[in-house]
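J.: Below is a structure I'd like to ask you about.
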Amino acid sequence: MNDPAVARTASARLRKKDQEREQGRRPDGPRRRATAAVLVRAALIATGLVTVYYVLPLDGRSTTGTSALLACGLLLVLVIFWWEVRAIANSPYPRLKAVEALAATLVLFLLLFAGTYYLLEHSTPGSFSEPLTKTDSLYFTLTTFATVGYGDVVARTQTGRVLTMVQMAGGLLLVGVAARILAGAVQAGLRRRGREPSDDFTSRPED
């Protein structure tokens with residue numbers, strides 16, 4: 001015959017074990033706050049860069065000036081990316097920092113080309129199939145990056161097509177090489193702290 005006291009004790013132990021398992025599936029307080037902070041910062045960075053893109057008075061420039069501006073902008077993207085990689089390796093939450101770094105680098109890369117297309121169309125009208133506003137330029141940039149195929153806006157001049165090809169190549173490098181570099185920086189940061197790769201995010205324990 002079962003003892004009610006033993007049954008209650010066993011039931012309490014089972015409940016406690018279930019609670020501990022459920023807590024193990026949730027991030028602790030600091031990681032939860034860090035995750036929220038990274039998501040907020042990434043959103044603020046993207047919003048700020050887009051706002052600057054629309055507010056910045058992009059005046060007409062020559063084709064040479066536009067190309068020089070693009071070259072300087074790409075150099076800036078590389079510098080920021082290098083700085084972010086170093087920050088990831090030294091961050092207490094490398095994976096979260098990598099998300100923030102990728103958001104900043106990707107948005108800056110896309111807006112840089114959007115501004116370049118806008119300047120090219122205004123310095124050399126007819127470079128694209130229709131006059132470009134800043135929104136049109138951003139739309140064309142995202143269409144090129146997403147490789148979904150062109151519809152109403154296409155590059156017509158040789159300069160426009162060369163810039164588009166540069167963006168395509170840069171996008172492939174950003175998705176392939178840059179992502180691998182970020183992953184390496186994350187692993188280096190985790191190894192430096194003697195932590196497991198799952199420390200930044202909650203992993204579901206095996207049943």
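J.: Could you please tell me which pairs satisfy a Cβ distance under 7 Å, a separation of 6+ or placement on different chains, a first residue in the range 91-118 that is over 16 Å from ALA183 (Cα atoms), and a second residue that is of a type outside the set (D, E, K, R) and not in a helix (DSSP H, G or I)?
T.: These pairs meet every condition: GLY115/LEU58; TYR117/LEU132; TYR118/LEU58; TYR118/LEU132.
J.: Moving on to the next point. Just to be sure before I move on: is THR144 of a type in the set (S, T, N, Q) and more than 30 Å from LEU190 (Cα to Cα) in the structure I sent?
T.: So THR144 passes the test.
J.: Only one residue in VAL99, VAL40 is surrounded by 16 or more Cβ atoms within 10 Å (Cβ to Cβ) and among the β-branched types (Val, Ile, Thr). Which one?
T.: That would be VAL99, the only listed residue that is surrounded by 16 or more Cβ atoms within 10 Å (Cβ to Cβ) and among the β-branched types (Val, Ile, Thr).
Condition check ((1) open to solvent by 80 Å² or more (accessible area, probe 1.4 Å); (2) under 30 Å from LEU102 (Cα atoms); (3) at pLDDT 80 or above) across all residues:
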| position | (1), (2), (3) |
| --- | --- |
| VAL6 | yes, no, no |
| LYS16 | yes, no, no |
| GLY24 | no, yes, no |
| LEU44 | yes, yes, yes |
| GLY48 | no, yes, yes |
| ASP59 | yes, yes, no |
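J.: Which of the numbered conditions does GLY176 fail, given that it passes all the others? Conditions: (1) open to solvent by less than 40 Å² (accessible area, probe 1.4 Å); (2) in contact (Cβ under 8 Å) with a residue 40 or more places away in the chain.
T.: (2)
J.: Still on this structure, please answer the following. Give me the pairs, please: first residue somewhere in the range 130-148 and over 19 Å from LEU173 (Cβ atoms) and among the hydroxyl-bearing types (Ser, Thr, Tyr), second residue anywhere and at pLDDT 90 or above and open to solvent by 30 Å² or more (accessible area, probe 1.4 Å), beta-carbon distance under 6 Å, and either six or more positions apart or on two chains.
T.: SER137/TYR118
J.: Is it the case that the range 120-131 has a residue that's outside any helix (DSSP H, G or I) and surrounded by 19 or more Cβ atoms within 10 Å (Cβ to Cβ)?
T.: yes
J.: Moving on to the next point. Do we find that VAL162 is in a helix (DSSP H, G or I), surrounded by fewer than 16 Cβ atoms within 10 Å (Cβ to Cβ) and on the phi < 0 side of the Ramachandran plot in this structure?
T.: So VAL162 fits the description; yes.
The values are calculated or read from the model by the stated rules, or taken from the named source; none is laboratory data. Note that the coordinates shown come from a computational prediction; the quantities given were computed from them, not determined experimentally. Here the Cβ is made from the backbone with ideal geometry for all residues, glycine too, and neighbour counts use every protein chain on show. Remember, those area values only see protein heavy atoms, side chains included, never the ligands or the DNA or RNA. Shrake-Rupley method; radii C 1.70, N 1.55, O 1.52, S 1.80 Å.
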